[in-house]
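S.K.: Got a structure here, written out as structure tokens. Questions coming.
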Amino acid sequence: MTKGNIPLNKSLAKEIQAGNLIQELPEVMYDGNMYPLFTIISPKQCSVCGSDLKPHKPYDRFIISSYGLIVCSTTYSICSNEGCKKHHKDVIIGVTGSANYSDEFIEKQMHVRYGSHCSLHNTQYAGEIYGIYNRAPSPTTLWKYEQVQGKIAVEKLVDENINFNGKLYIDGYWVKTGWKSFIENQMGRELSMREWKKIRYKVIYVVATEDQVILDFKITNRMSDHLELIPLMNRIKQRIPDVKRLCIVSDEDKAIIGAVKEVFPNAIHSFCVFHQMKAISKKYMNEYSSMENVPDEDLMVYDLAIQVVLSETVIHLVANYHKMIEASKAKTISKASMKVVMYVSNIYFKNRKTLEAGFIPETNNVMEQLFSYIDSFIYQARSFKTINGLANFFNNLFTFMNHRKFNTGIRKGQFPLEIARMKYS
């Protein structure tokens with residue numbers, strides 16, 4: 001049969017049986033044989049002990065696909081061995097594990113997700129919440145879903161009751177928020193680029209424990225005053241138990257220092273020198289690729305530079321600084337050592353003022369680890385249009401981070417909340 005000179009593709013034809021539309025499904029390779037898509041394969045023997053299986057409970061599986069919503073009648077089976085009794089489920093060809101959608105449908109979902117810059121991993125779930133079935137929702141739907149989740153996440157974040165060892169970490173992270181035209185419409189006038197940059201950049205101040213459990217955060221202006229952090233400090237004060245020796249670790253941020261002095265006047269305030277030590281090591285790594293390749297004369301300068309950074313009193317700081325200067329006068333030291341001496345000389349006066357104010361150095365890099373983890377999220381995220389959207393994003397992110405498992409190191413397989421509860425509960 002032809003239409004004009006073009007032959008018809010009969011493979012696209014459908015068959016009607018008893019009023020139902022019948023369509024042939026493609027075949028898929030399984031266990032060395034070809035089966036039509038959505039064929040049900042029932043296991044015969046137990047995968048653990050090899051005993052025969054007996055039917056246990058019938059149930060229907062609903063498979064979402066581009067062929068329509070397909071109902072598959074399947075059965076749970078149970079091992080006949082009384083000492084085993086392992087449950088088994090039927091295999092549906094083309095459906096991964098216990099998922100309720102087919103492989104070809106999940107591929108389309110992933111395409112919609114990435115093509116539309118959606119940020120939620122389970123788009124079908126979001127669609128069901130808003131009454132949208134059998135398709136991935138639009139980016140607007142996902143954004144609304146994340147705002148709802150943000151309100152739920154903030155309750156989890158601020159209600160988490162964690163005992164700790166008396167040490168808190170506070171630091172700020174720069175983010176961008178707002179769309180220029182949106183802000184201008186709200187203000188009723190155009191903004192110069194200088195004004196726009198001042199308005200656009202915000203700082204998110206994060207409070208965490210030593211085990212990287214995030215307790216709370218506050219979004220402030222770019223050049224924030226310590227008064228903006230008072231509400232955050234008061235919320236933390238209400239949550240933490242009465243500890244005899246409270247230690248707070250931060251950098252030399254004036255806003256943090258002022259807020260801590262007002263809310264926690266008796267706390268020991270340490271300043272983190274991890275980034276200073278990292279900068280010293282980086283100057284040698286840039287020239288020698290590895291610390292093992294650094295000559296002995298340069299290693300002496302390196303060790304003295306680290307001692308300057310870690311000095312816990314002004315007396316030790318001055319003594320170590322002069323030792324480093326004397327060692328740097330050797331004619332054989334490298335350009336890397338000269339750069340280190342110049343760098344340490346610049347931070348020497350800043351660290352001295354910090355020590356004179358009663359601070360002590362701290363080398364724990366809790367906040368650096370947290371912020372490096374969220375860097376990839378922020379880098380890929382678009383500019384946040386509203387402060388509420390930014391706050392909900394971090395509510396969701398920080399709640400997730402408190403429950404994420406570590407993939408490497410001695411804590412592999414554990415998550416921050418679990419570690420904190422085991423150590424201090």
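S.K.: Taking neighbour counts of Cβ atoms within 10 Å as a proxy for exposure, in what order, fewest first, do Thr75, Thr408 appear?
M.R.: Ordered from fewest to most neighbouring Cβ atoms within 10 Å, Thr75, Thr408 come out as Thr408, Thr75.
S.K.: Please give the FRET efficiency for Tyr59 paired with Ile199, using the beta carbon to beta carbon distance and R0 = 45 Å, rounded to the nearest 0.05.
M.R.: Working from the Cβ atoms, E equals 0.20.
S.K.: So how long is each side of segment 274-362 along the principal axes, counting just the alpha-carbon atoms, biggest first, in Å?
M.R.: Projected onto its principal axes, the Cα set of segment 274-362 covers 38, 24, 18 Å.
S.K.: Let me ask something else about it. Can you run phi through the Karplus equation (6.51, -1.76, 1.60; θ = phi - 60°) for segment 363-369 and list ³J(HN,Hα) in whole Hz, with x for Gly and Pro?
M.R.: So the J values, rounded to whole Hz, are 10, 5, 10, 4, 5, 4, 5.
S.K.: What is the order of Ile280, Ile256, fewest Cβ neighbours within 10 Å to most?
M.R.: Fewest-to-most ranking of Ile280, Ile256: Ile280, Ile256.
S.K.: What is segment 274-362's relative contact order, in percent, from Cα pairs under 8 angstrom and six or more apart in sequence?
M.R.: Relative contact order for segment 274-362 comes out at 34 percent.
S.K.: How do Cys49, Cys79 rank when sorted from fewest to most other Cβ atoms within 10 Å of their own Cβ?
M.R.: Final ranking by Cβ density, sparse to dense: Cys49, Cys79.
S.K.: Can you tell me the dipole magnitude for segment 266-365 around its Cα centre, using point charges on the Cβ only (Lys, Arg +1; Asp, Glu -1), in Debye to the nearest 20?
M.R.: Values: 11 positive and 10 negative charges, 83 e Å.
Dipole about the Cα centre, nearest 20: 400 debye.
Laboratory data are not the source of any read-out in this text; all were calculated from the coordinates shown. The shown structure was predicted, so the numbers you read here are calculated from the model rather than taken from an experiment. Backbone-built Cβ (ideal geometry, glycine too); neighbour counts: all protein chains shown.
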